[in-house]
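One structure below.
The values are calculated or read from the model by the stated rules, or taken from the named source; none is laboratory data. Owing to the predicted nature of the structure, the values given are computational and were not obtained by experimental measurement. In this analysis, Cβ positions are derived from the backbone assuming ideal geometry, glycine residues included, and neighbour counts consider all displayed protein chains. Quick note on the areas: whole protein, heavy atoms, side chains included, nothing else; ligands and nucleic acids left out. Shrake-Rupley method; radii C 1.70, N 1.55, O 1.52, S 1.80 Å.
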Amino acid sequence: MKQLLILTLLIFVLFSCKNDDLEGGFYMTALVNNQKWKSLEHLAGAQLDFSNYANAHNLLLGGTMEKPLGDGTIYRLSTSINSPVNKGKYYFNNKKYESNAIGGVQGNVIGYKNGVDYFNSVTITGFVEITILTDHEVGGNFEYQAVTYNPGSENGVDTVKVKNGRFYVPIVMVSGREWKAPK
């Protein structure tokens with residue numbers, strides 16, 4: 001009787017899950033302007049670059065999808081942390097369109113329509129949180145708003161909202177010095 005109850009419970013749980021909720025392997029997912037976004041597994045990854053200034057590795061992580069969402073756009077999401085990487089929450093510190101300097105944290109949304117570079121939006125608010133950090137993988141959460149600017153203007157022309165971002169990606173490249181995750 002106990003085995004039947006456990007089997008019934010297991011079947012109920014398996015059938016109540018949607019395929020989108022079962023993420024095996026590496027992934028990067030989010031809601032982009034309230035549309036479900038998921039990077040292709042082989043196009044989601046992290047890179048660590050050694051900074052002589054900080055005497056530590058900086059982190060760049062990103063992912064790209066293959067097919068456009070309902071608005072016809074293919075989105076590439078990325079975040080970078082230009083300070084020593086560790087587990088924790090990093091808040092984006094951009095005031096306007098600017099690249100993140102030493103110690104900065106930034107996210108980007110690049111959108112493509114019809115195979116051309118359509119826009120590049122840079123974070124103005126939000127965070128990336130690292131909850132998993134090993135010698136070979138990094139994982140966590142992110143959420144931000146990114147604004148597209150016209151060249152020479154300080155007024156944003158469009159905002160992209162990225163919510164409920166989650167990632168668990170391989171570290172695919174390490175440059176400068178050998179990487180050992182902090183304990």
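So here's what we get for this one:
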item	result
Top-ranked residue in the range 41-56 [being farther than 14 Å from Phe26 by Cβ and in contact with a Phe, Trp or Tyr (Cβ under 9 Å, 6 or more places away or on another chain); ranked as surrounded by the most Cβ atoms within 10 Å (Cβ to Cβ)]	Leu48
Residue count, the range 55-89 (criterion: part of a loop (DSSP other than H, G, I, E, B) and more than 13 Å from Leu133 (Cα to Cα))	12
Check on Val172, closer than 17 Å to Gly63 by Cβ, at pLDDT 80 or above and crowded, with 18+ Cβ neighbours inside 10 Å	no
When residues of the range 60-84 are limited to those that are open to solvent by 10 Å² or more (accessible area, probe 1.4 Å) and among the hydrophobic types (A, V, I, L, M, F, W, C), the one nearest to Phe142 (Cα to Cα)	Leu60
Matching residues, the range 144-169, being modelled with pLDDT of 95 or more and either touching a helix residue (DSSP H, G or I) at 6+ places or on another chain (Cβ under 7 Å) or open to solvent by 30 Å² or more (accessible area, probe 1.4 Å) (or both)	Lys163, Asn164, Arg166, Tyr168
Filtered residue count, the range 41-54, keeping only those that are part of a strand (DSSP E or B) and within 18 Å of the chain's Cα centre (by Cα)	6
From Tyr53, Tyr27, residue being at pLDDT below 90, hydroxyl-bearing (Ser, Thr, Tyr) and out of contact with any His (no Cβ under 9 Å at 6 or more places or on another chain)	Tyr53
